[in-house]
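Reviewing the structure listed below.
The values are calculated or read from the model by the stated rules, or taken from the named source; none is laboratory data. Quantities reported herein were computed from a predicted structural model and do not represent experimental measurements. Ideal geometry is used to build each Cβ from the backbone, glycine not excepted, and the neighbour counts take in all protein chains shown. To get the accessible areas, we keep the full protein, side chains included, count just its heavy atoms, and leave off ligands, DNA and RNA. Shrake-Rupley method; radii C 1.70, N 1.55, O 1.52, S 1.80 Å.
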Amino acid sequence: MEIVKLIKKGAEAEVYEGYFLGMHAIFKQRKPKAYRDPTLDKKIIAERTIMEARLMYNALKAQVNTPAILYLDPSEGLLVLEYVEGKTLREKYNNFEDIKELSIEAGRIAGRLHKNGIAHGDLNPNNLIVNDEEGMFIIDFGLAKRSDDIEDFATDVHVFLRSLESAHYRIKDEAFKYFIEGYSQEFNKVQEILKGVQEIRMRGRYVEERRKSRTSNE
Amino acid sequence: MTIVLGIESTAHTFGVGIVKDNPVQILANVKDTYVPKEGGFIPGELARHHAEVAPDIIKKALKQANIDFNQIDYVAVSLGPGMGPALRVGASIARALVLHTSKKLVPVNHGIAHIEIGNFSTGAQDPVILYLSGGNTIITSFVDGRYRVFGETLDIALGNLLDVFSREAKLAPPYVINGVHVIDICADKGGKLIDLPYTVKGQDMSFSGLLTAAIRALNRYRLEDVCYSVREIAFDMLLEATERALALTEKKEILVVGGVAASVSLKKKLEFLGKEWNVSIKIVPPEYSGDNGAMIAYTGLLEAKAGIFIDIEDSVIRPRWRIDEVDAKWRS
């Protein structure tokens, strides 16, 4: 086991690049949070590490590209994964590269996960990696869960849309249109999901659409 | 020299502030906050309170600033977001003040005003902002012309959670004793974590399930432990969502504004976060954390200099005016 460098200090974990039994690998190390109550901290770390590995394996079985799991230690919050080469979808979007094709592919991945009862929990363009040979990979199942609930799927789509609006607002309409196109190729509940997304947005504070819809009901 | 008078009346506070430029200085900040004897606010009662105190507050502000009303160049007013009946009082008074004079009216978004007074009073340059109050829980940052929302509550606000829980647990009113929220006083005597819902969805948070579960837990657990658990879980959710915004924006400052900014326990947690991420933590000082008129006057000054005004005919209140609908021309 050899750590080469820190590649990302995420919100939850530190991600290192290195070698595991000679394989090019990613080490995802969940860190205790100094601000968090220790009991809550231990519980969240162990639960999320196990859940993440389990759901990645389930996604892989459902023909979704995810990195292979090489090693797991829940009490230490350690997950060792196959290293996937490529740029993130965020970087691709920032360079305005292949917006149509990549958005369709991102939508397909989301649709396939949902069709197989997996909600990702943090579906943003930072968590999609474009590999030149094998296509798009989805990473970071840290907030993922098993679900058949439209609300959870709609939350994924909402989070993706929210990321477009905040970080990629220039291309958000185009990217979202193609995302939905790809999504509906895989999952036939797209209308219900979009209705759910609308509901989630309306629940937000001071939403203009909510006032409009109320007025139109009167 | 430009002098702006600002009027705040979006929720429980009626406030008037006066600000001048060259150099920018806050000349007056006077307010009166309506506190119900029991329960929450009834919008009609808020409006009556504001209308009653308004003339006196305006006079006191002018006296504090030691100026005459004729010296005021612009009148700024918070047109939203907030409660309709309360907003209408401030808007009507602002319109009346500029009518038949050459003074112009400046429309101010209440949330933007909290942020700008935070920037001004702490010297923050380009922070990730936590706007936390009884009505709002928003993680935002200035990107390309607007304050964009990176995360927010999907239902009730963090301040609302703390207040309603305290009320249901018979700890409040009053909600704040000597500058400390009653839930903090109670929580500091607890320490055992109870299993309550922790709900972070991507960058957004949901507090309503936590509130319901916490009220139910009051029958089965020690009050102090419930207080502790609600506070820890709510703030930990907020901090996790904040970390996501830091990871996404790579900004190096956190600015906390709004009524919940005064929380000592939140400050402690944020300092841990600041160390981990090597970001500086800036917290709006108490005189500008709760709703106040100075923040409206100050933001009105920034807007007036950028040429943002509104005609009386167009100055309708906007109860659902989101911060990300405002073009922050003065920052571009």
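Cβ-Cβ distances below 6 Å connect the following pairs, each with a first residue in region B:215-231 that is within 14 Å of B:ILE183 (Cα to Cα) and in contact (Cβ under 8 Å) with a residue 24 or more places away in the chain, a second residue that is outside any helix (DSSP H, G or I) and small (Gly, Ala, Ser), and a separation of six or more residues or different chains: B:LEU218/B:ALA169; B:GLU224/B:GLY190; B:ASP225/B:GLY190; B:CYS227/B:GLY190; B:TYR228/B:GLY190; B:TYR228/B:GLY191.
Does A:TYR71 satisfy being of a type in the set (Phe, Trp, Tyr) and touching a helix residue (DSSP H, G or I) at 6+ places or on another chain (Cβ under 6 Å)?
Values: of a type in the set (Phe, Trp, Tyr): yes; touching a helix residue (DSSP H, G or I) at 6+ places or on another chain (Cβ under 6 Å): no.
Answer is no for this residue.
As a summary of the residue check, B:ILE254 satisfies the conditions (1) more than 7 Å from chain A (Cβ to nearest Cβ); (2) open to solvent by less than 20 Å² (accessible area, probe 1.4 Å); (3) over 16 Å from the mean Cα position of the chain (by Cα); (4) within 25 Å of A:GLY121 (Cβ to Cβ) except for the one numbered (3).
For region B:163-181, name all the residues that are crowded, with 17+ Cβ neighbours inside 10 Å and out of contact with any Asp or Glu (no Cβ under 9 Å at 6 or more places or on another chain). Selection gives B:ASP163, B:VAL164, B:PHE165, B:SER166, B:ALA169, B:LEU171, B:VAL176. Residues that are in contact with a strand residue (DSSP E or B) (Cβ under 8 Å, 6 or more places away or on another chain) and of a type in the set (S, T, N, Q) were ranked within region A:57-112; the one that is farthest from A:ILE180 (Cα to Cα) is A:ASN58. Taking the stated definitions as given, is A:LYS33 open to solvent by 20 Å² or more (accessible area, probe 1.4 Å), among the charged types (D, E, K, R) and on the phi < 0 side of the Ramachandran plot? So A:LYS33 fails the test. Evaluated against (1) part of a strand (DSSP E or B); (2) open to solvent by less than 20 Å² (accessible area, probe 1.4 Å); (3) more than 26 Å from B:ARG322 (Cα to Cα); (4) not basic (Lys, Arg), B:LEU27 falls short on exactly one condition, (2). Among the residues of region B:132-145, the one identified as more than 9 Å from every other protein chain (Cβ to nearest Cβ), open to solvent by 20 Å² or more (accessible area, probe 1.4 Å) and in a strand (DSSP E or B) is B:PHE142. In region A:55-81, the residue that is most open to solvent (accessible area, probe 1.4 Å) out of those that are of a type in the set (Val, Ile, Thr) and more than 16 Å from the chain's Cα centre (by Cα) is A:ILE69.
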